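The values are calculated or read from the model by the stated rules, or taken from the named source; none is laboratory data. Computed from a predicted structure; not experimentally measured. No Cβ is skipped: glycine too gets one built from the backbone with ideal geometry, and neighbour counts run over all protein chains shown. Ligands, DNA and RNA are excluded from the accessible area calculation, which covers all protein heavy atoms including side chains. Shrake-Rupley method; radii C 1.70, N 1.55, O 1.52, S 1.80 Å.
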Amino acid sequence: MSETKKAVTIYDTTLRDGTQGEGFSLSGLDKLRLARVFDEFGVDYIEGGWPGSNPKDIEFFEKAKTLDLKHAKVAAFGSTRRADMKVEEDPQIRLLLEAETPVVTIFGKSWDLHVTEVLKTTLDENREMVRDSVRYLKAAGREVVYDAEHFFDGYKANPEYALSTLEAAADGGADILVLCETNGGCLPSEITAICEVVRARIPGTPFGIHTHDDCDLGVANAVAAVEAGAVQVQGTINGYGERTGNCNLTSVIPILELKMGKPVVPDLSRLRELSYFVDDISNNPHFARAPFVGRTAFAHKGGMHVNAVEKVAHSYEHIEPELVGNRQNILVSELSGQSNILIKAEQLGVGLEKGSAEAKAVLAKVKELEKEGYSYEAAGGSLELLIRRETREYRKPWALSEYHCSFRQYRDGHPPVCEATVKLQIDGHKEYTAAEGHGVVNALDKALRKAVRPYFPAIDDVKLVDYKVRIIEGEVATAAKTRVLIGHSDGEHIWGTVGVSDSIIEASWIALTDGMDLFLQRQRGWH
Ligand SMILES: [Zn+2]
């Protein structure tokens, strides 16, 4: 797909507008991992945050410089200059430039009421603020996205004024004017009509759309804008965002591709995986009824003869589920299930033959574990290990006899202590080690390293960088289970592993040891 032929670009604001949502918060590391995954998926712009609003975002932009993204451009977000201040003296504008991103997105006021009542300035001064700020950032060599906040409500209140703020941004040299449906209250027909006016009035500058989901119309409104000529869609993965959320890119992207014939990403079949990845990293449950990517999006209740269901089901589906990486949920197709595993194995350089006993064993294992509550979207390390374990090249690094850990709370002010012991065999030698830590996982990690270090000194290159716990409802078991996701890093790569158990300690142990085992398998030189 040629870049220049792309009819619509995707502007992801999960890391900025998405984090305005309740229950959706990301650490600095989470943001970097997500940025990398968004880039691999093929979004065109990644809005990283607002450098003027918090130091965490400044740190993100600092680290984002080392990400070496293949396709996406990183955007810093901020506002126009303040009223009655020179643009070059505005500290917030300075921070935007210091973020050193190729793209800067600034929002400005389009609604006269907001100008006079919120900004407490004049309508003329607001227009100058827009023009000045855009022009200044353009002169600094940035691609400038102008977000016209409250554009549709502003247009309804005072169309001439709202349009004149867009003209000011276009006059300042904005690369694109993004019409924001900030309050989420407009209907698609209104979006269409207003977009058509903008297009006719300012033909020289392209426009994009930013919508919110307050009327459950975030996606519909974005689609209406594209039909009326918008060339950029802003939104978030899974629709995360404040109140009821932003326009859901996980729905808009397949609609653009499959319903409107507008190619936007190189491989749409990775959509479901991306959706789960964002849920897992933000520690949110997956929404089963999500269009396209949800667990039940292509589920059909049985009752019919199996063969009939297989034949008929397709006539009850609006697209082939595989196009978005999903699958029909009555009969998990043996073949498509297998081909996913084969692709993963091929990426790993592990030869798994289609239909072979090894491939079947891996698939059976994955299905069994998924029923127990495992999911591999953010735990590629565990999936890789599972595949490796079924191959002849796999060598078990140790044989565990037992482990134990305890937590001791004092009442005299002494900080609590966790103690762990590990008994295992390596190369025919028995190892029995103990360690103290400031938490259960930390103590187990230390005791395990103590036992393993003499045989594999490289183990000290691996650090735990992330630890997430979630209670899940197992499909088979009626009782809730604990799922632990651990992120490991050797300084160069990050890989995730997963453990599921009734016990948080056992779930942690599984994820912890998977991470180390995989590292040793990748080392290759150890035996
Ligand atoms: Zn927004």
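Testing THR122 on (1) over 24 Å from ALA230 (Cα atoms); (2) buried (at least 24 other Cβ atoms within 10 Å of the Cβ), one condition comes back false. Which one is that?
Evaluating THR122 over (1) over 24 Å from ALA230 (Cα atoms); (2) buried (at least 24 other Cβ atoms within 10 Å of the Cβ) leaves (2) as the failure.
Could you say which residue among VAL362, VAL350 is touching a residue at least 40 places away in the same chain (Cβ under 8 Å), over 26 Å from the mean Cα position of the chain (by Cα) and under 24 Å from VAL37 (Cβ atoms)?
Values: VAL362 fails: touching a residue at least 40 places away in the same chain (Cβ under 8 Å).
Only one candidate qualifies: VAL350.
Name the residues in segment 433-449 that are among the acidic types (Asp, Glu) and either in a strand (DSSP E or B) or surrounded by fewer than 20 Cβ atoms within 10 Å (Cβ to Cβ) (or both), would you?
The initial filter retains those residues of segment 433-449 that are among the acidic types (Asp, Glu), namely 436, 445.
Passing the criteria: only GLU436.
State whether one or more residues within segment 311-327 are at pLDDT below 75, open to solvent by less than 80 Å² (accessible area, probe 1.4 Å) and among the β-branched types (Val, Ile, Thr).
Yes; the residues of segment 311-327 include at least one that is at pLDDT below 75, open to solvent by less than 80 Å² (accessible area, probe 1.4 Å) and among the β-branched types (Val, Ile, Thr).
Taking the criterion of being assigned to a loop (DSSP other than H, G, I, E, B), of a type outside the set (Lys, Arg) and away from the ligand (no atom under 16 Å from the Cβ), would at least one residue in segment 239-256 satisfy it? Before you say what the answer is, go through the steps one by one.
The initial filter retains those residues of segment 239-256 that are assigned to a loop (DSSP other than H, G, I, E, B), namely 240-245, 247.
With of a type outside the set (Lys, Arg) added as a condition, the list becomes 240-242, 244-245, 247.
Pick out the ones that are also away from the ligand (no atom under 16 Å from the Cβ) and you get none.
Looking through segment 239-256, none of the residues is assigned to a loop (DSSP other than H, G, I, E, B), of a type outside the set (Lys, Arg) and away from the ligand (no atom under 16 Å from the Cβ).
For segment 17-33, state whether one or more residues are at pLDDT 95 or above and assigned to a loop (DSSP other than H, G, I, E, B).
Checked segment 17-33: at least one residue is at pLDDT 95 or above and assigned to a loop (DSSP other than H, G, I, E, B).
Among residues belonging to segment 214-231 that are buried (at least 23 other Cβ atoms within 10 Å of the Cβ) and closer than 14 Å to CYS180 by Cβ, point out the one that is nearest to the ligand (Cβ to nearest atom).
Selected residue: GLY218.
Checking ALA288 against (1) more than 19 Å from the chain's Cα centre (by Cα); (2) assigned to a loop (DSSP other than H, G, I, E, B), which test does it fail?
(1)
Quick one: what pairs do we get from segment 15-39, first residue open to solvent by 50 Å² or more (accessible area, probe 1.4 Å), second assigned to a helix (DSSP H, G or I) and within 16 Å of the ligand (Cβ to nearest atom), C-beta under 8 Å, 6+ apart or different chains?
If the second residue must be assigned to a helix (DSSP H, G or I) and within 16 Å of the ligand (Cβ to nearest atom), the pairs left are SER25/THR19.
I need the full set of residues from segment 10-62 which are of a type in the set (Phe, Trp, Tyr) and within 15 Å of the ligand (Cβ to nearest atom), in order please. Write out each step before concluding.
So in segment 10-62, the residues of a type in the set (Phe, Trp, Tyr) come out as 11, 24, 38, 41, 45, 50, 60-61.
Listed by number, the residues that qualify are TYR11, PHE24, TYR45, TRP50.
When segment 450-466 is examined, which residues are found to be within 18 Å of GLY491 (Cα to Cα), in a helix (DSSP H, G or I) and open to solvent by 20 Å² or more (accessible area, probe 1.4 Å)?
PRO457, ALA458, ASP460, ASP461
Out of ARG392, ARG411, which single residue is at pLDDT 90 or above, open to solvent by 80 Å² or more (accessible area, probe 1.4 Å), outside any strand (DSSP E or B) and not polar (S, T, N, Q)? Walk me through how you get there before you give the answer.
On the way: ARG392 fails: at pLDDT 90 or above.
Unique residue meeting the criteria: ARG411.
Output yes when any residue across segment 183-206 is open to solvent by 10 Å² or more (accessible area, probe 1.4 Å) and within 15 Å of the ligand (Cβ to nearest atom), and no when none is.
yes
How many residues are of a type in the set (Asp, Glu) and assigned to a helix (DSSP H, G or I) when one looks only at segment 174-200? Lay out the reasoning, then the answer.
We begin by selecting, within segment 174-200, every residue of a type in the set (Asp, Glu); these are 175, 181, 190, 196.
Then keep just the ones that are assigned to a helix (DSSP H, G or I); that gives 190, 196.
Matching residues across segment 174-200 total 2.
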